[in-house]
């Protein structure tokens with residue numbers, strides 16, 4: 001397995017295709033949720049993904065402040081293989097990259113409500129009531145970073 005960190009313009013056509021296919025397969029087809037996957041943010045994001053045997057098996061994107069939120073934000077977190085630690089590994093790398101590239105001291109994300117325990121385990125805290133995005137319940141979450149480590153206190 002190998003981790004890649006790339007700006008949009010650094011992605012190969014095959015990588016871009018594989019990223020979009022993975023996101024569509026899960027977020028649109030598997031979750032039966034038609035929405036605009038090409039949301040205009042990818043060009044401004046940093047893309048993290050893990051490849052295994054030439055295939056992208058996990059992905060997330062990071063946006064600097066002012067693109068999706070007033071905070072550095074993480075989105076589109078996905079792993080083709082689930083419940084094997086791959087998502088946790090990728091999220092940890094995403095947090096580290098957000099700190100290194102954007103000086104993140106707080107990271108924002110909008111999580112599907114069912115995934116709240118996954119993000120809590122990484123140090124995120126819920127900061128909103130549940131709300132609907134395209135028919136799927138979501139919550140807003142924040143991770144506060146203190147001394148380069150996720151904070152475990154409020």
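The values are calculated or read from the model by the stated rules, or taken from the named source; none is laboratory data. What you see is a predicted model, and the numbers here were worked out from it, not measured in a lab. Here the Cβ is made from the backbone with ideal geometry for all residues, glycine too, and neighbour counts use every protein chain on show.
Quick notes
- If the condition is being assigned to a loop (DSSP other than H, G, I, E, B) and within 15 Å of the chain's Cα centre (by Cα), then the stretch 86-128 contributes 104, 122, 123, 124.
- Among the conditions (1) farther than 21 Å from residue 140 by Cα; (2) at pLDDT below 95; (3) surrounded by 15 or more Cβ atoms within 10 Å (Cβ to Cβ); (4) more than 14 Å from the chain's Cα centre (by Cα), residue 11 misses just one, which is (2).
- Every residue from the stretch 93-119 that is in contact with a helix residue (DSSP H, G or I) (Cβ under 6 Å, 6 or more places away or on another chain) and farther than 14 Å from residue 131 by Cα: 104, 107
- Considering residues of the stretch 68-90 that are within 19 Å of residue 57 (Cα to Cα) and touching a helix residue (DSSP H, G or I) at 6+ places or on another chain (Cβ under 8 Å) only, the residue surrounded by the fewest Cβ atoms within 10 Å (Cβ to Cβ): 88
- Pairs meeting the criteria (first residue in the stretch 1-28 and under 19 Å from residue 97 (Cα atoms), second residue loosely packed, with under 13 Cβ neighbours inside 10 Å, beta carbons under 7 Å, at least 6 apart or on different chains) are 8/43.
- Screening residue 74 with (1) closer than 22 Å to residue 24 by Cβ; (2) at pLDDT 95 or above; (3) assigned to a helix (DSSP H, G or I) gives one miss only, at (3).
- Residue within the stretch 16-27 that is in contact with a helix residue (DSSP H, G or I) (Cβ under 7 Å, 6 or more places away or on another chain) and either modelled with pLDDT under 95 or farther than 19 Å from residue 139 by Cα (or both) present: no
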